[in-house]
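To keep things clear, I will list the structure first and then write my remarks on it.
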Amino acid sequence: MHDLVAITALGGTEPRVDTIAGVTCTEVPGVALASVAARLGEEANCVKALGDLIEAPTPEVGQWAGATISAFWSGPDQWMVEAPFESHEDLPGQTKAAMAGTASVTEQTDGWARFDLSGDNISSVLELLCQLDLRKISAGSADRCSIHHIGCFVLCRTPEHFSIYGPRSSAGSLHHAIVTAMRSAL
Amino acid sequence: MIINHPLLGPRDASEFTYLGDAALIDRPDWQAENAADAFYEYGYLRDNPSGEHQELWYHEAGDRSWLVVTRNTLTHEISKVELARDVARARGRSK
């Protein structure tokens with residue numbers, strides 16, 4: 001019998017937490033993810049099915065929506081669905097069933113590492129990290145951008161709470177970039 | 001240079017990568033009689049206009065969509081930006 005220990009994207013047994021001058025960067029390992037790409041000709045049905053799954057209007061360009069199961073826009077006719085891993089380990093299966101053939105669904109859980117920023121002065125950190133127009137970003141925004149040449153998603157939950165998704169294989173580099181920007185900006 | 005993305009609005013050109021002439025969308029029919037000649041032309045021959053030029057750009061550091069950008073090669077003025085899939089479908093592709 002193997003005795004395997006679950007580790008986070010940064011390799012620890014506990015999520016890494018860094019606090020600098022009132023802004024906290026928290027590693028968030030407990031997320032289930034699935035990507036949804038509408039099939040040709042099924043775009044409208046896909047939007048409806050996804051809205052039913054997240055129990056909210058399907059997010060428009062550059063937006064996220066939902067509660068326990070939420071989704072964010074990742075490209076034309078494409079979304080990423082996210083939910084707590086504890087309660088939705090089978091999120092891709094659940095999403096595939098809900099989309100009922102209107103979209104291609106791919107499991108993305110653990111393909112991505114997530115870091116949450118919370119605090120009052122997050123925008124001064126983000127303006128060092130990415131090229132997004134922060135004046136246009138408000139609660140509900142979800143954008144893809146490049147952070148230190150790493151393709152990331154930046155979600156604004158509230159102006160005091162952002163989530164950053166980056167590829168798990170670059171989690172260390174992304175974390176280094178975020179913490180360096182926090183030290184520099186705050 | 002700023003590219004006005006049709007979905008996301010104005011974005012810096014550094015977020016994009018350039019592929020080349022948008023004529024690449026018009027891939028020849030491989031079963032046609034003259035396929036060899038058509039593919040030679042498709043693969044190797046390009047117009048090099050001074051003036052308006054349609055180009056394929058990829059929003060790599062963004063939503064990863066392919067765009068057809070109409071750019072004036074003399075002034076660098078960008079007069080039109082479209083999603084490449086819309087252009088391709090308008091030309092009868094992906095049906």
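The values are calculated or read from the model by the stated rules, or taken from the named source; none is laboratory data. Keep in mind that this is a model prediction, so the values were computed, not measured. Glycine also receives a Cβ, built like all others from the backbone with ideal geometry; neighbour counts cover every protein chain displayed.
From the list B:A32, B:A61, exactly one residue is on the phi < 0 side of the Ramachandran plot and in contact with an Asp or Glu (Cβ under 6 Å, 6 or more places away or on another chain). Which is it? Quick ask: steps written out before the conclusion?
Working: B:A32 fails: in contact with an Asp or Glu (Cβ under 6 Å, 6 or more places away or on another chain).
That would be B:A61, the only listed residue that is on the phi < 0 side of the Ramachandran plot and in contact with an Asp or Glu (Cβ under 6 Å, 6 or more places away or on another chain).
Do you know which residues across segment A:116-152 are within 10 Å of another protein chain (Cβ to nearest Cβ) and touching a residue at least 12 places away in the same chain (Cβ under 8 Å)? Don't jump to the end; show me each part of the working.
First, the residues of segment A:116-152 that are within 10 Å of another protein chain (Cβ to nearest Cβ): A:130-133, A:136, A:143-147, A:149-152.
Listed by number, the residues that qualify are A:C130, A:Q131, A:L132, A:D143, A:R144, A:C145, A:S146, A:I147, A:I150, A:G151, A:C152.
B:L24 is checked against (1) modelled with pLDDT of 95 or more; (2) in a helix (DSSP H, G or I); (3) not aromatic (F, W, Y) and fails just one. What number does that condition carry?
With (1) modelled with pLDDT of 95 or more; (2) in a helix (DSSP H, G or I); (3) not aromatic (F, W, Y) applied to B:L24, the lone miss is (1).
Can you spot a residue in segment B:5-13 that is within 14 Å of chain A (Cβ to nearest Cβ) and part of a helix (DSSP H, G or I)?
Yes; the residues of segment B:5-13 include at least one that is within 14 Å of chain A (Cβ to nearest Cβ) and part of a helix (DSSP H, G or I).
Of all the residues that make up segment A:92-124, how many are buried (at least 20 other Cβ atoms within 10 Å of the Cβ), under 18 Å from the mean Cα position of the chain (by Cα) and part of a helix (DSSP H, G or I)?
Of the residues in that region, 3 qualify.
Return the residues of segment B:14-28 that are surrounded by fewer than 16 Cβ atoms within 10 Å (Cβ to Cβ) and facing another protein chain (nearest Cβ under 8 Å); say none if nothing qualifies.
B:S14 - this is the single residue of segment B:14-28 that is surrounded by fewer than 16 Cβ atoms within 10 Å (Cβ to Cβ) and facing another protein chain (nearest Cβ under 8 Å).
Given A:A32, A:A83, A:A65, A:A37, which one is touching a His at 6+ places or on another chain (Cβ under 7 Å), more than 30 Å from A:S184 (Cβ to Cβ) and either surrounded by 20 or more Cβ atoms within 10 Å (Cβ to Cβ) or not polar (S, T, N, Q) (or both)? If you could, list the steps in order and put the result at the bottom.
Details: A:A83 fails: touching a His at 6+ places or on another chain (Cβ under 7 Å); A:A65 fails: touching a His at 6+ places or on another chain (Cβ under 7 Å); A:A37 fails: touching a His at 6+ places or on another chain (Cβ under 7 Å).
So the residue among A:A32, A:A83, A:A65, A:A37 that is touching a His at 6+ places or on another chain (Cβ under 7 Å), more than 30 Å from A:S184 (Cβ to Cβ) and either surrounded by 20 or more Cβ atoms within 10 Å (Cβ to Cβ) or not polar (S, T, N, Q) (or both) is A:A32.
Could you tell me whether any residue of segment A:146-162 is over 28 Å from A:V47 (Cβ atoms) and of a type in the set (D, E, K, R)?
Checked against the condition, which is being over 28 Å from A:V47 (Cβ atoms) and of a type in the set (D, E, K, R), segment A:146-162 yields at least one hit.
Please work out if A:V17 is of a type in the set (A, V, I, L, M), loosely packed, with under 13 Cβ neighbours inside 10 Å and either at pLDDT 95 or above or closer than 22 Å to A:L155 by Cβ (or both). So that I can check it myself, show each step before the final result.
On the way: of a type in the set (A, V, I, L, M): yes; loosely packed, with under 13 Cβ neighbours inside 10 Å: yes; either at pLDDT 95 or above or closer than 22 Å to A:L155 by Cβ (or both): yes.
Answer is yes for this residue.
Could you look through segment B:39-86, keep only residues that are over 17 Å from B:P10 (Cα atoms) and in contact with a Lys or Arg (Cβ under 9 Å, 6 or more places away or on another chain), and pick out the one that is nearest to the other protein chains (Cβ to nearest Cβ)?
Looking at the filtered set, the residue picked out is B:R85.
What residue, among those in segment A:147-171 that are small (G, A, S) and in contact with a strand residue (DSSP E or B) (Cβ under 7 Å, 6 or more places away or on another chain), is nearest to A:I7 (Cα to Cα)? Reasoning before the result, please.
Of segment A:147-171, the ones small (G, A, S) are A:151, A:163, A:166, A:169-171.
Imposing the further condition that a residue be in contact with a strand residue (DSSP E or B) (Cβ under 7 Å, 6 or more places away or on another chain) reduces the set to A:151, A:163, A:166, A:170-171.
Details: A:G151: 23, A:S163: 20, A:G166: 17, A:S170: 15, A:A171: 13 Å.
It comes out as A:A171.
Please enumerate the residues belonging to segment B:1-54 that are of a type in the set (D, E) and over 17 Å from B:D86 (Cβ atoms). I'd like the intermediate steps shown before the answer.
If we filter segment B:1-54 for residues that are of a type in the set (D, E), which is where we start, we get B:12, B:15, B:21, B:26, B:29, B:33, B:37, B:41, B:47, B:52.
Listed by number, the residues that qualify are B:D12, B:E15, B:D21, B:D29, B:E33, B:D37, B:E41, B:D47, B:E52.
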